[in-house]
Amino acid sequence: MPETHDTAPQGAGDTPGRSRAAALKGLALIALVAAGVVLFKVMDLEHVMNAGWVETEITSRGLAGWFWFVGVFGLFMALGLPRQLPSLLAGFAFGVALGTVLTLAGSGLGCAVSFLYARHLGKDFVMSRFEQRIRKVNTLFSRHPFAAAVAIRFMPVGNNLVTNLLAGVSDAPLLPYLAGSMLGYIPQTFVFALLGSGVKVDPLVRISLAALLFVLASWLGYRLYLRFRALAAEEGQELPEA
């Protein structure tokens, strides 16, 4: 599990600069993944991946492979695995549409598991580790669980696990929080599934489209985040950047 240091947000005044930095980090990640896809294609390594465990363990199993993917990667995401990796793999193994759906299902499973762990099993641990941050977000998650989750998930980078733990020990109801998270997961999940599918089909077109969609989603997420963070400030709360 990745380290989750309690670094409280600094305040609304420095949000634009930090959000732009987050968007740049996300674009750098897209560029790195795109370079990897191009290299994969140029070196003709696709047959190696097809002959490996992706074909044997996932796609060849049909419906059972779908459940295997959702269950295994859902649990890994509950432990902090970034959802970009499963999205890439799902795009390669299942294609854009099905890969997006299966990754969203796994992301939802991981979100619910870590949320419920914090609420019912790990509350003392989470409270002792993130006490200050919990006080700052409890009212926000309690009053606006759906909108808060959407605003946070739309940001291009962040700590998914910490957000789930904070929400789990707050008074937020699970279902609205989970629904908002699933909605907010869609843009990045689709973009990285599109990148993964580019290993097999039209890599240049799909990489270019993925980069364009990522920029658009990041801009929309940035605007939404600023608007909701302003609402949080009015209520004396702080929207986490996780």
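Would you confirm whether any residue within the stretch 216-229 is crowded, with 23+ Cβ neighbours inside 10 Å, at pLDDT 75 or above and either in a helix (DSSP H, G or I) or acidic (D, E) (or both)?
No: zero hits.
Scan the stretch 130-150 for residues that are surrounded by 18 or more Cβ atoms within 10 Å (Cβ to Cβ) and either basic (K, R) or touching a strand residue (DSSP E or B) at 6+ places or on another chain (Cβ under 9 Å) (or both) and jot them down.
Of everything in the stretch 130-150, those that are surrounded by 18 or more Cβ atoms within 10 Å (Cβ to Cβ) and either basic (K, R) or touching a strand residue (DSSP E or B) at 6+ places or on another chain (Cβ under 9 Å) (or both) turn out to be R133, K136.
Which one is farthest from L81 (Cα to Cα) among residues in the stretch 95-150 that are over 14 Å from the mean Cα position of the chain (by Cα) and among the β-branched types (V, I, T)?
The extreme case among them is T139.
Does at least one position in the stretch 155-177 carry a residue that is closer than 24 Å to L102 by Cα, under 20 Å from the mean Cα position of the chain (by Cα) and without any contact (Cβ under 8 Å) to a residue 12 or more places away in the chain?
Scanning the stretch 155-177 turns up at least one residue that is closer than 24 Å to L102 by Cα, under 20 Å from the mean Cα position of the chain (by Cα) and without any contact (Cβ under 8 Å) to a residue 12 or more places away in the chain.
Going through L63, L104 one at a time, which residue ends up being at pLDDT below 90 and on the phi < 0 side of the Ramachandran plot?
L63
Could you tell me whether F40 is among the aromatic types (F, W, Y) and modelled with pLDDT under 70?
In short, yes.
In the stretch 125-143, is there at least one residue being in contact with a Ser or Thr (Cβ under 7 Å, 6 or more places away or on another chain) and of a type in the set (F, W, Y)?
yes
Count, please, the residues in the stretch 126-135 that happen to be touching a helix residue (DSSP H, G or I) at 6+ places or on another chain (Cβ under 9 Å) and touching a residue at least 40 places away in the same chain (Cβ under 8 Å).
Number of matching residues: 5.
Considering only the stretch 151-160, how many residues are surrounded by fewer than 23 Cβ atoms within 10 Å (Cβ to Cβ), closer than 19 Å to A112 by Cβ and not polar (S, T, N, Q)?
Qualifying residue count for the region: 1.
Tell me which helices (runs of 4 or more DSSP H) are completely within the stretch 53-160 and hold 2 or more residues being under 24 Å from L194 (Cβ atoms) and of a type in the set (A, V, I, L, M, F, W, C), or say none if there are none.
So the answer is 63-78, 84-94, 96-120, 145-153.
Results for (1) in contact (Cβ under 8 Å) with a residue 24 or more places away in the chain; (2) out of contact with any strand residue (DSSP E or B) (no Cβ under 6 Å at 6 or more places or on another chain); (3) surrounded by fewer than 23 Cβ atoms within 10 Å (Cβ to Cβ); (4) among the charged types (D, E, K, R), shown as yes or no for each residue.
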site	(1), (2), (3), (4)
R61	no, yes, yes, yes
A78	yes, yes, no, no
P86	no, yes, no, no
A90	yes, yes, no, no
G95	yes, yes, yes, no
V101	no, yes, yes, no
G106	yes, yes, no, no
V113	yes, yes, yes, no
L121	no, yes, yes, no
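Scanning for something out of contact with any strand residue (DSSP E or B) (no Cβ under 8 Å at 6 or more places or on another chain), part of a helix (DSSP H, G or I) and surrounded by fewer than 24 Cβ atoms within 10 Å (Cβ to Cβ), does the stretch 188-198 turn up at least one residue?
Checking the stretch 188-198: at least one residue is out of contact with any strand residue (DSSP E or B) (no Cβ under 8 Å at 6 or more places or on another chain), part of a helix (DSSP H, G or I) and surrounded by fewer than 24 Cβ atoms within 10 Å (Cβ to Cβ).
The values are calculated or read from the model by the stated rules, or taken from the named source; none is laboratory data. From a predicted model like this one, the values you see are computed outputs, not experimental measurements. Backbone-built Cβ (ideal geometry, glycine too); neighbour counts: all protein chains shown.
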